[in-house]
Amino acid sequence: MNRIKATWLSAGAFGFDLVAVVGAWVVAYLLRFNGRVPHDFRDGALHALLWVVPVYAIVFRVFGLYRGMWVFASLPDLMRISKSIVVGALVVMVGAVMSQPTPIIPRSVLIVSPLLLFLAMGGARALYRAGKEFYLYGGLVGQGKPVIVLGAGTAGAMLARELARSSEWRLVGLLDDDPAKQGREVLGHKVLGGFSDLSRFAEQYKTDYVIIAIPSASVEEQRRVATLCVRAGVKVMVLPALTPLTEGGNFLSRVRQIDLEDLLGREPVKIDMPHVEQLLHGRVVMVTGGGGSIGSELCRQILRFSPAQLIAYDLSEYAMYRLIEELHEKFPECSVIPVVGDAKDSLLLDQTMARFTPHIVFHAAAYKHVPLM
């Protein structure tokens, strides 16, 4: 059923283009003679159409104008249309010179008719796409949560197009530090100012959301922009690298919450996981301060590498209880031994070390807030 529908749509587009050829040819004659075409030239124009229309029909098919759909008409489609019209016009010109009809085809007609044809074919496709998108998405304008996009480059333009079709978001404007872009428009949305103006425009447009769309920027620039967002008190999302974006169309679905890595100011450190596994797998590992925030996370990460035994050492009975309950639930196959005691208790520490003989000790029993303690 869909194939039949597509065939009919393609045939309809082909028929429209041939009618446009006839219309452009006739209008070009009317313009040449100010609306009053002499009888002999009128007959010559109609006779010429008998071979002009087939020429354009063949050229349109050769250039594959009907492989795409009008609802997705874009710049590549217009380029194909322009190339096919230029080739068709050249063939018609050569044919007119070689055949030398009586009366001759006016040179102005040979030049004006391709221009009119391009306006008709390109304009029809643009109007169809605009009308279709307004029918599908026009009702969404004014709805959704207001959001500002930081970055008016390629990624920002792609994102603006997706946001225009979203019922969840409403794009109020873009920001970019490039002075050449400020005051211009991206798909109908104004580039309001620079990144430093975020606080003012966020308050002006009553928005709590910002999407950073500068994936090609340096880490330092990303960090600076993210810091401006934090200072402005808005909720920040980021657009990932542009390379995977070009592989698919739905860019809005790839927007994610900002991570700590985006604020590091450097590339995140990649841990040599095979080396860590070789270091911990099948070994007896001990963590002092195991019930604390750092020590407990160390215990969780260590158990991922299946040590022979994990000795969790901490002064707090309650913290140790909570940790052991969690680890037994998440890693039931691992052996976890709790030891409640002070890391400054040398006798208990000696007994623990002698009893379990750990291969590796992670010493996390220390005060983190050094200025306070």
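The values are calculated or read from the model by the stated rules, or taken from the named source; none is laboratory data. Computed from a predicted model, the values in this text were never measured in an experiment. Neighbour counts run over all protein chains shown; Cβ positions are idealised from the backbone, glycine included.
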(message) Step by step: first the residues of segment 360-373, then only those that are surrounded by 15 or more Cβ atoms within 10 Å (Cβ to Cβ) and within 23 Å of residue 282 (Cα to Cα), then the one that is modelled with the highest pLDDT. Which residue is that?
(response) 362
(message) When you scan segment 356-364, do you find a residue that is of a type in the set (A, V, I, L, M) and farther than 14 Å from residue 302 by Cβ, even just one?
(response) no
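Return the residue satisfying two criteria in turn: it lies in segment 104-133 and is in contact with a Lys or Arg (Cβ under 8 Å, 6 or more places away or on another chain) and among the β-branched types (Val, Ile, Thr), and of such residues it is nearest to residue 46 (Cα to Cα). Before the answer, list the steps.
In the first step, residues of segment 104-133 are kept if they are in contact with a Lys or Arg (Cβ under 8 Å, 6 or more places away or on another chain); the result is 106, 108-109, 112, 133.
Then keep just the ones that are among the β-branched types (Val, Ile, Thr); that gives 109, 112.
Values: 109: 13, 112: 17 Å.
The extreme case among them is 109.
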(request) Confirm whether residue 264 is surrounded by 11 or more Cβ atoms within 10 Å (Cβ to Cβ), within 24 Å of residue 158 (Cβ to Cβ), in contact with a helix residue (DSSP H, G or I) (Cβ under 8 Å, 6 or more places away or on another chain) and modelled with pLDDT under 75. (result) no
(request) Would you mention how many residues in segment 173-188 are assigned to a strand (DSSP E or B) and surrounded by 20 or more Cβ atoms within 10 Å (Cβ to Cβ)? (result) 4
(message) Out of everything in segment 96-111 that is closer than 14 Å to residue 52 by Cβ and touching a helix residue (DSSP H, G or I) at 6+ places or on another chain (Cβ under 7 Å), what residue ends up being surrounded by the fewest Cβ atoms within 10 Å (Cβ to Cβ)?
(response) 101
(request) Give the number of residues within segment 174-199 that are touching a residue at least 24 places away in the same chain (Cβ under 8 Å), charged (D, E, K, R) and out of contact with any strand residue (DSSP E or B) (no Cβ under 8 Å at 6 or more places or on another chain). (result) 1
(request) Under 7 Å between Cβ atoms, at least 6 apart or on separate chains: pull out the pairs that start in segment 76-87 with a residue that is assigned by TED's automatic domain parsing to the domain that holds residue 113 and end on any residue that is β-branched (Val, Ile, Thr). (result) 84/59; 87/59
(message) Considering only residues that are free of Cβ contacts under 8 Å to residues at least 12 places away in the same chain and more than 49 Å from the chain's Cα centre (by Cα), which ones fall in segment 307-348?
(response) 344, 345, 346, 347, 348
(message) With the requirement that a residue be touching a helix residue (DSSP H, G or I) at 6+ places or on another chain (Cβ under 9 Å) and not β-branched (Val, Ile, Thr), what does segment 182-199 give you?
(response) 187, 188, 189, 192, 193, 195, 196, 198, 199
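Inside segment 154-166, can you point out the residues that are outside any helix (DSSP H, G or I) and under 16 Å from residue 210 (Cβ atoms)?
Let us first name the residues in segment 154-166 that are outside any helix (DSSP H, G or I), namely 164-166.
Listed by number, the list holds a single entry, 166.
Surrounded by 14 or more Cβ atoms within 10 Å (Cβ to Cβ) and either of a type in the set (Asp, Glu) or at pLDDT below 85 (or both): which single residue out of 142, 122, 88, 68 fits that description? Don't jump to the end; show me each part of the working.
Values: 142 fails: surrounded by 14 or more Cβ atoms within 10 Å (Cβ to Cβ); 122 fails: either of a type in the set (Asp, Glu) or at pLDDT below 85 (or both); 88 fails: either of a type in the set (Asp, Glu) or at pLDDT below 85 (or both).
Just a single option satisfies the conditions, and that option is 68.
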(message) Filter segment 161-184 down to the residues that are at pLDDT 85 or above, more than 11 Å from residue 147 (Cβ to Cβ) and not small (Gly, Ala, Ser) and list them by number.
(response) 175, 176, 177, 178, 179, 181, 182, 184
(message) If I filter segment 31-44 down to residues being free of Cβ contacts under 8 Å to residues at least 60 places away in the same chain and in a helix (DSSP H, G or I), which single residue comes out as nearest to residue 111 (Cα to Cα)?
(response) 42
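Kindly indicate the residue of segment 327-357 that is in contact with a helix residue (DSSP H, G or I) (Cβ under 8 Å, 6 or more places away or on another chain) and not hydrophobic (A, V, I, L, M, F, W, C) and also surrounded by the fewest Cβ atoms within 10 Å (Cβ to Cβ) among those meeting that condition. First the steps, then the outcome.
Our first condition is that a residue be in contact with a helix residue (DSSP H, G or I) (Cβ under 8 Å, 6 or more places away or on another chain); within segment 327-357, this holds for 327, 330-331, 334, 336-343.
From what is left, the residues that are not hydrophobic (A, V, I, L, M, F, W, C) are 330, 338, 341-342.
Details: 330: 11, 338: 17, 341: 17, 342: 13.
Looking at the filtered set, the residue picked out is 330.
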(request) Answer yes or no as to whether residue 202 is among the small types (Gly, Ala, Ser), surrounded by 13 or more Cβ atoms within 10 Å (Cβ to Cβ), closer than 20 Å to residue 232 by Cα and in contact (Cβ under 8 Å) with a residue 12 or more places away in the chain. (result) yes
